[in-house]
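Here, each number is a calculation from the coordinates, and none is a lab measurement. Predicted model only: the values in this text are computed from it and were never measured. Every residue, glycine among them, receives a Cβ derived from its backbone with ideal geometry; neighbour counts consider all protein chains shown.
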Amino acid sequence: MTLNRVTVIGLGLMGGSLALALRRAGLAAHIVGCGREERLRQAREMCVIDSGSVDAGESVRGSDFVFFCTPVETSIKLLKQVAPRLKPGALVTDVGSTKQAFAAAARETFGSAANERVLPGHPLAGREVSGLAHASADLYKGCRWVLTPLAGEMLPVHRCLISALETIGAHIIFSTPEEHDHTLAYTSHLPQLLSTALSLTLRKTFGSGNPALQAHAGGLRTMLRLAESDPVMWEQIADSNQANIAEALENIEAELRELRGCLTSPEFRTKFELAREFTKGLKS
Ligand SMILES: NC(=O)c1ccc[n+]([C@@H]2O[C@H](COP(=O)([O-])OP(=O)(O)OC[C@H]3O[C@@H](n4cnc5c(N)ncnc54)[C@H](OP(=O)(O)O)[C@@H]3O)[C@@H](O)[C@H]2O)c1
């Protein structure tokens, strides 16, 4: 099984890694990249793509599978732009961190044919660093890859995509765009915002370069890992999942207030015990 001709739009961490993984697994006969001239040159040098175009519409011409690996709002804009240029029967998917906006754009663009033309996705893999230089053929090995079909019917072209994703090491899970965005607000977006908030709190309290901050160990470094994430990507994630993120922040603000209120009461220990038990369950 191969996906034959594939286009990857957005040759950064996710798109570059995907192209490398598809190539290594022999899943694509030809990989077309889409990005700025400089990025295409870099991708050719790294043997990520076979050919490339700066024009998204041109890049999808004749391709059987099109992967959008750009920031969420960019993918939506480009989806509408490339739709008339897609080969009949070609399947579009994406790796965006939120799914409702992309799914809505797919429905708007393709109407009753949306399920045949688009299968939105989100690999639960990634790193706090971005860019093609960090791409790796191993990025998706062992990761969960959420797919949010636009209708119940699973088509042969969907199965073909799923089989390719499984071959590069992904475990497929299904969700709805709504459920995905609500859950991810808690499991991904909230951890990111907590890391960012922690960094900002340290900055405000100690200022940059304060020697007092040498007094830190692995715990802080673990908590701050995500604070190095790309602001442009997160701006678009926050914008496309505002209501769910606001709900998650409200809930954690309430939890933090409760913790502050019980620092010296027996309830403090109860909270730690509850959290420890829940976390152990999550890991098993
Ligand atoms: N990073 C993660 O941990 C992670 C995890 C899961 C999902 N995602 C999702 O994956 C997507 C990509 O994220 P990433 O981490 O791969 O970011 P990235 O490394 O910054 O890559 C994004 C790429 O998109 C390119 N791009 C932007 N606008 C474009 C346009 N109009 N036409 C063509 N290419 C364009 C950028 O080009 P330049 O290189 O020229 O700037 C860059 O190469 C996002 O939707 C994100 O939500 C990310």
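Given R₀ = 51 Å, FRET efficiency for residue 277-residue 37 by Cβ-Cβ distance, to 0.05?
My answer for the efficiency is 0.40.
Grab the Cα-Cα distance for residue 254 and residue 87, subtract it from 0.36 nm times how many residues apart they are, and report the gain in nm with one decimal.
55.0 nm
May I ask what percent, to the nearest 5, of DSSP beta bridges between residues of region 5-175 are antiparallel?
Details: 3 of 24 bridges.
Restricted to region 5-175, the bridges split so that about 10 percent are antiparallel.
Please say if the chain is rounded, prolate or oblate, where rounded means a/c under 1.5 for a ≥ b ≥ c the square roots of the C-alpha gyration tensor eigenvalues, and otherwise the choice is prolate for a/b larger than b/c and oblate otherwise? If you can, show how the numbers build up before the last one.
Working: a/c = 2.18, a/b = 1.72, b/c = 1.27.
Because a/c hits 1.5 or more and a/b exceeds b/c, the chain counts as prolate.
Say each of residue 128 and residue 230 gets a label point 7 Å from the Cα, pointing the same way as Cα to Cβ; how far apart are those two points in nm?
If labels sit at residue 128 and residue 230, their model points lie 1.6 nm apart.
Considering only the other residues whose Cβ falls under 13 Å of the Cβ of residue 128, what net charge follows from Lys and Arg at +1 and Asp and Glu at -1?
+1
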